[in-house]
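Reviewing the structure listed below.
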Amino acid sequence: MTETYTIEGGPVELHRSSFDVADFPLPTGREEDWRFTPLDRLRGLLEDQPSGAELSWTTDLPEGVTLTSVGAEDALLRTVPKVFDRVGALALQNSTGAVVVKVAANAELDRPVVLKLHGSGADVVWGHIVLDVGANSRAQIVIEHSGTTRYAGVLSVLVADGAKLTLVGVQGWDRDAVHAQHVNVRLGKDATIASTQVTLGGDLVRFVENVEYTGTGGDAEMAGLYIADAGQHQEHRLFVDHSAPKCRSNVVYKGALQGEGAHTVWVGDVMIRATAEGTDTYEMNRNLVLTDGTRADSVPNLEIETGEILGAGHASTTGRFDDEQLFYLQARGIPEEEARRLVVRGFFAELIHRIGIPDLQERLLTAIEAELGGEPEAAIGAVNQ
Amino acid sequence: MATLEIRDLHVSVETEQGPKEILRGVDLTIASGQTHAIMGPNGSGKSTLAYSIAGHPKYTITSGTVTLDGEDLLEMSVDERARAGLFLAMQYPVEVAGVTVSNFLRTAKTAIDGKAPSLRHWVKDVKGAMDNLKMDPEFAERDVNLGFSGGEKKRHEILQMELLKPKFAVLDETDSGLDVDALKVVSEGVNRVRENSEVGVLLITHYTRILRYIKPDFVHVFVDGKVAAEGGPELADELEANGYDRWTSASV
């Protein structure tokens, strides 16, 4: 792909984290972490207003998994990672408790945990979900979002020592939904997460994903794909905080943009602290611009406080559809439209295939085809089947 | 029998200084079953000829005609030309991440034939052609040209030629960057297609080396955007001995 548009970022801004709303004043839009976000389109998610509204839940819980609601005073909620912005703090405060999905230690689940969250109202919804993945367990957890809502959520992902979690998030919202989400991952010693966030729907979707390590051997694969249509704002901000030695992280986000006013933002911050010797990290963002009138912001930042690392790198490319690829495929008789689909499908297929949940992969590929075929409603229909 | 006919072809490219004419009146006629070598020094316009026939958007045809069996190729899109029976083996094959060789070949075959190939025969054909070209079976599951060595890319081009069975194949410097062993394998591949079909071949090359393995029926010396001399295989021997000087100095 041609590199037509690249922003190389500077050092990592120090990330302030807290549980307290008072630590996060109302942003003006000039702050580093808000400068790309159209604040008015958050439609109330920055305001401290209690709400009893909830998303409706459909769940599939295999053996070894329990789901409980806990109150705000529950001890577990004092141990989750802090949040990094006002929306996250408001979600923690106003959700008054959390839904806790617990995977038993040593469990090896025979099928994925599925949480389907559906919105059907204009009210603001605050939510906090804790995924408590027990030591040495193996689990796949899928969280699917559909319908319409104004939702601010915090997902606390606690992966205990030796556990291996596959996490998939699907944002299959209706076109008018607003969704601001924290995903805070804490990895224990030798714990692994392979995460994939798929953002297709919504008017504004903003993800803040953070990874922290509490021991050696932690491994985070943080992937994502997004397709922004006309007028959609899709933002994914990642912060990987390497403070423990001999941990690994790999961030791969790919996006496509089509239609007037489609706007995507990807910010990838990686901090390698002095204590994190033996770190191996890479982050990459690739954007495929399919039409005029779109805007892709891509900002990788890397800060390294120790020289004793295995590797650290980043790459960001934003490019037009590659005419040479198109020529090559057409020169083999493949019509232009089919050639385009083949290339864009190929662009995303790599990320989809590594999810490891075949029927979900099939749905996602169908939805991507529909999106690229200019049928966003059919895409949302397909992904929420 | 089919004929690929190029008449008085003029082609320019856009440069910062405005349009620049590269081809200045090319005449060539290739019949089915014939192999024509186009030989010329760097910058003589050989590759421009290849890409213009195939329809690359970078090149503008300012006058002349190219017909395949009387059909106007220049009126067709790139994919229509391929479906009409034209094949271009590229000097620099393009990487297509996320698309496997196997998927690519099947999609191309389906497009060329207008219907999906019968699965049983297809799998056998692909495997046989890959064996012949000494390509590891795992190639089929790799992404198109991604991380291929120079030799692997050229084998992959000839693999496509074998499977897509074109009426006319333009081989653009297929010999460049190949060591002797790879050159033999690739040449044998081209010769197999020549034996097993009525393909007409336009073999574009800078060096005579590949002509030891692929015997041309005709040799055209290409200088300064047009054919400067024509003859039989003996013309290649003269080029081998004396180089292009005679024609390049004559054109000054």
query: What net charge do the residues around B:L4 carry, taking every other residue with its C-beta under 10 Å from that of B:L4, with Lys and Arg at +1 and Asp and Glu at -1?
result: -1
- line: Taking Cα atoms, the helix B:150-164 axis meets the longest principal axis of chain B at an angle in degrees (rounded to 10) of 80 degrees
message: For chain A, what does the relative contact order come out to in percent, with C-alpha contacts under 8 Å and a separation of six or more?
response: 13 percent
message: About the Cα centre, and with charges only on the beta carbon of Lys, Arg (+1) and Asp, Glu (-1), how big is the dipole of chain B? Nearest 20 debye, please.
response: 580 debye
field: Proximal lysine pairs, chain A, alpha carbons under 28 Å, eight or more residues apart or interchain
entry: 17
- prompt: Which of the aspartates and glutamates could a cross-linker bridge to B:K165, judged by Cα under 13 Å and excluding same-chain residues fewer than eight apart?
  reply: B:D113, B:D125, B:E157, B:E195, B:E198
statement: The summed charge of the B:L211 Cβ neighbourhood (under 10 Å; Lys/Arg +1, Asp/Glu -1) stands at 0
- prompt: Tell me, what is the percent relative contact order of chain B, built from C-alpha pairs under 8 Å that lie six or more residues apart?
  reply: 27 percent
message: Taking the Cα centroid of region B:136-214 and of region A:242-263, what is the distance between the two, rounded to the nearest whole Å?
response: 39 Å
- request: Normalising by the residue count of region A:228-316, find the relative contact order in percent from Cα pairs under 8 Å and 6+ residues apart.
  value: 34 percent
- prompt: Averaged per residue, what accessible surface does the protein assembly as shown expose to a 1.4 Å probe, in Å²?
  reply: 40 Å²
task: Rank these by accessible area, largest first, 1.4 Å probe: B:E5, B:E234, B:E188.
output: B:E234, B:E188, B:E5
- prompt: Using alpha carbon centroids, what distance separates region A:9-69 and region A:165-238, in Å?
  reply: 12 Å
- prompt: In angstroms, what radius of gyration and Dmax does chain B have, counting Cα atoms only?
  reply: 17.9, 58
field: Summed side-chain charge close to A:F24 - residues other than A:F24 whose Cβ falls under 12 Å, Lys, Arg +1, Asp, Glu -1
entry: -3
message: I need the shape label for chain A. Rule: rounded when a/c is under 1.5, else prolate if a/b > b/c, else oblate, with a, b, c from the alpha carbon gyration tensor.
response: rounded
- prompt: Tell me, how many Å apart are the Cα centres for region A:264-292 and for region A:76-99?
  reply: 25 Å
- line: Shape call for region B:61-125, from the Cα gyration tensor axes a ≥ b ≥ c (a/c under 1.5 means rounded, otherwise prolate when a/b beats b/c, else oblate), comes out oblate
- request: Note the buried accessible area between B and A here, summed over both chains, with a 1.4 Å probe, in Å² to the nearest 100.
  value: 1900 Å²
message: I'd like the accessible area for B:E198, computed on protein heavy atoms only with a 1.4 Å probe and all protein chains in place. Round to 10 Å², please.
response: 120 Å²
Bins of 10 Å from zero: percent of alpha-carbon pairs in region A:265-346: 16, 31, 24, 18, 10, 1
statement: Checked region B:111-179 with the C-alpha gyration tensor, a ≥ b ≥ c its square-rooted eigenvalues, rounded below a/c of 1.5, otherwise prolate if a/b is larger than b/c and oblate if not; verdict oblate
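The values are calculated or read from the model by the stated rules, or taken from the named source; none is laboratory data. Model, not experiment: these values are computed from the prediction. Every residue, glycine among them, receives a Cβ derived from its backbone with ideal geometry; neighbour counts consider all protein chains shown. Surface areas here come from the heavy atoms of the whole protein model, side chains and all, with no ligands, DNA or RNA. Shrake-Rupley method; radii C 1.70, N 1.55, O 1.52, S 1.80 Å.
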